[in-house]
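What follows is a short report on a single structure.
The values are calculated or read from the model by the stated rules, or taken from the named source; none is laboratory data. Here the structure is a predicted model, which means the values were calculated and not measured. Cβ coordinates were reconstructed from backbone atoms using ideal geometry, including for glycine residues, and neighbour counts include every protein chain displayed. Protein only, heavy atoms only, side chains kept; ligands, DNA and RNA dropped before computing areas. Shrake-Rupley method; radii C 1.70, N 1.55, O 1.52, S 1.80 Å.
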Amino acid sequence: MISFMKKKKRLFFLLLFTLMITTIVFISTTRIGAKKVFAAGNELKITVDNVNVIVDFSEDEKFHCRYNHSLYIVKRKQKDSSTVISVKRKKGKLKKKEIDTADFIKVSIPNKTYTKITGIAKNAGLSMPSANANIIVKNYSSAVNLTLPTRFHKKIKYIGKDGSGSIAMNGNNKFMIDVEVSNTALSTFWGGDSSGDAIYQYQHGDGKRRPKIQLNLEDCAFSIVEK
């Protein structure tokens, strides 16, 4: 049990460290690199592989992606109102254990209404956008965090395996959550902490316009925070 908890704590602090470092570096450093502008859509799917990615909002109603062409490959497909973006590290550039947590890609999306946003991370770090849309997260050996916008009332489905993650509720104090975890350290602000296996449903407040969250985690470290 002690070794299990140590493993989960390491995973969780890796998430916090990765997100802190990438945010600080982005604010304080201007990188010289290529810039791409993408057209907008109502559904967004972003897949990241072996790289740290921050997704936020642009100010000109277009997609932007700034990255180093020598290290990464960024592809984008547009079909009707659906946009698919994949971001991955070029093979042979760095081994997984040599990845610098301060090295990241920023993807900016238009600040508009989205019906669904899907994030898939594999051996990566991903910060999801704070959008009032249906959210799907698939976390495979990665660190993925999500901060809800105020008055969020959509659905979230978060699937994780061998990774770490968090959801910041940002004051959304009326919500429903379904939890199914296995071999996972889960910490919540309402006292639903667990270590190992757990299946339960929790509800706070009533009303139709509130977050509905589904967690399905295996071998993870995860937290849900109020702010």
Carbon/sulfur accessible area of segment 175-227, % of total, 1.4 Å probe, equals 45
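For a quick protection proxy, order the peptides 108-114, 138-144 by their average other-Cβ count within 10 Å, most packed first.
On the way: 108-114: 17.4, 138-144: 22.9.
Top of the packing list down: 138-144, 108-114.
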Projected onto the charge dipole of segment 80-227 (unit charges on the beta-carbon of Lys, Arg, Asp and Glu, signs +1, +1, -1, -1), the Cα from Ile213, Ile105, Ser141 with the largest positive-side position is that of Ile105
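Give, rounded to the nearest 20 debye, the magnitude of the charge dipole that segment 109-227 has about its Cα centre when Lys and Arg contribute +1 at Cβ and Asp and Glu contribute -1 at Cβ. Could the numbers behind the result be given before it?
Working: 15 positive and 9 negative charges, 176 e Å.
So the magnitude is around 840 debye.
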